[in-house]
Amino acid sequence: MPPDLGPRFSGRAFLNPMLVELFSIIAPLFVCAGIGYGWAKTGRRYDVEMVTNLVTNIGVPCLVFHTLTNLTVPAASFGTMVIAAVAVLFTCLVVGGVILHVAGLPRRSYLPALSFPNTGNMGLPLTYLAFGDIGLGLAIAVFTVYAITQFTLGMAIASGTTSFRSLLRVPVLYALPPALAFMLTGATPPKWIDNTTDILGGIVIPMMLITLGISLAKLAVKSLPRSLGLSVLRLGMGFAVGVGIAYALGLEGASRGVLIIQSSMPVAVFNYLFAMRYKTAPEEVAGMVVISTVLSFATLPLLLWFVL
């Protein structure tokens, strides 16, 4: 179960309750990602492609279906999060595009990395640990928006061509219609389906974090100054835009916290994979993934303190 956000440990004067809560949220991320990092550094075999396909094609659709059909927040709140995520994404695309143009840097190479944060590997576990099932449900709204747009708009920016056929290869898209049907009608899926999707969806969060650690161990930083500058821009821009959109839409509580956390995540690993595929500065994008993730881990206490 995720940690209770109430004041625990009040009888222990030598501990700051907020610090204890922050540590209980952050520690599982460090442990799981550290397992992956250590696994890779010790030379043990880990089939990243197989695990990624398993999580992406089976685990994530099951997690989305089970979470949405058991969601305890109103459908209107879920819809608001979708709107908020779209607003954050396109604001980052515009602001990032302008900054890259002024800096004379190619948008095909760097705009996807600036605009598409790691709302899956880091965002889902973090929001779940911080806000529980409600936070996970709201975070899935943001994750779904980014998953769909990254494999369509993100690929279009990186490749320089538009192909909506890629949308058909986004597995999470096929879990949405039946999940939304149950969600909007208030019907309950058969128990065997609920149990099955619960078990299969349970592999997502730990495997995402372990795979993130594996990826960090294998990627290398080739151009430190540029990668560092763009990484700081990704985190700072995402946080500022997330706070601004949350304020503009009047979001409060878990909705506000989830949007800010998801908007402030580091560069997603998929940006590196696309950069490799389309030969758009893959080494520097890899550096952005590594540096932004390390900076994100370092600043997580401040981020969580702000949203909690």
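The values are calculated or read from the model by the stated rules, or taken from the named source; none is laboratory data. Predicted model only: the values in this text are computed from it and were never measured. Please note: Cβ atoms are built from the backbone with ideal geometry, for glycine as well, and neighbour counts cover all protein chains shown.
For Val98, are the conditions met, namely being surrounded by fewer than 19 Cβ atoms within 10 Å (Cβ to Cβ) and modelled with pLDDT of 95 or more? Yes: the conditions hold for Val98.
If you check Leu216 against the conditions, is it closer than 18 Å to Val269 by Cβ, of a type outside the set (Gly, Ala, Ser), touching a residue at least 40 places away in the same chain (Cβ under 8 Å) and surrounded by 16 or more Cβ atoms within 10 Å (Cβ to Cβ)? It is true that Leu216 is closer than 18 Å to Val269 by Cβ, of a type outside the set (Gly, Ala, Ser), touching a residue at least 40 places away in the same chain (Cβ under 8 Å) and surrounded by 16 or more Cβ atoms within 10 Å (Cβ to Cβ). Within the option set Leu259, Leu302, being at pLDDT below 95 and not in a loop (DSSP other than H, G, I, E, B) holds for one residue only, Leu302. Within the range 262-299, the set of residues being in a loop (DSSP other than H, G, I, E, B) and within 17 Å of Met237 (Cβ to Cβ) comprises Ser264, Met265, Pro266, Ala268. When Tyr37, Tyr46 are checked against the criterion of being in a helix (DSSP H, G or I), at pLDDT 90 or above and either of a type in the set (Phe, Trp, Tyr) or loosely packed, with under 13 Cβ neighbours inside 10 Å (or both), Tyr37 stands alone in meeting it. Val82 meets the stated requirement of being at pLDDT 95 or above and under 16 Å from the mean Cα position of the chain (by Cα). Looking at Leu19, Leu63, Leu93, just one residue is part of a helix (DSSP H, G or I), touching a helix residue (DSSP H, G or I) at 6+ places or on another chain (Cβ under 7 Å), over 30 Å from Thr188 (Cα atoms) and not acidic (Asp, Glu), and that residue is Leu93.
Out of all the residues in the range 227-247, is one or more buried (at least 23 other Cβ atoms within 10 Å of the Cβ), of a type in the set (Lys, Arg) and under 21 Å from Gln150 (Cα atoms)? The answer is yes; a qualifying residue exists.
Only one entry in Leu184, Leu176, Leu138 is loosely packed, with under 14 Cβ neighbours inside 10 Å, part of a helix (DSSP H, G or I) and not hydroxyl-bearing (Ser, Thr, Tyr), namely Leu184.
Regarding Leu54, is this residue at pLDDT 90 or above and either within 17 Å of the chain's Cα centre (by Cα) or in a helix (DSSP H, G or I) (or both)? Taking the combined requirement at face value, the residue satisfies it. Restricting the first member to the range 46-63 and to residues that are without any contact (Cβ under 8 Å) to a residue 40 or more places away in the chain and under 11 Å from Val204 (Cα atoms), and the second to residues that are of a type outside the set (Asp, Glu) and in a helix (DSSP H, G or I), no beta-carbon pair is closer than 6 Å while six or more apart or on different chains. Only one entry in Thr161, Thr119, Thr127 is of a type in the set (S, T, N, Q), out of contact with any Pro (no Cβ under 6 Å at 6 or more places or on another chain) and part of a helix (DSSP H, G or I), namely Thr127. Only a single item in (1) within 19 Å of Leu303 (Cβ to Cβ); (2) under 14 Å from the mean Cα position of the chain (by Cα); (3) crowded, with 23+ Cβ neighbours inside 10 Å is not met by Ala113, and it is number (1).
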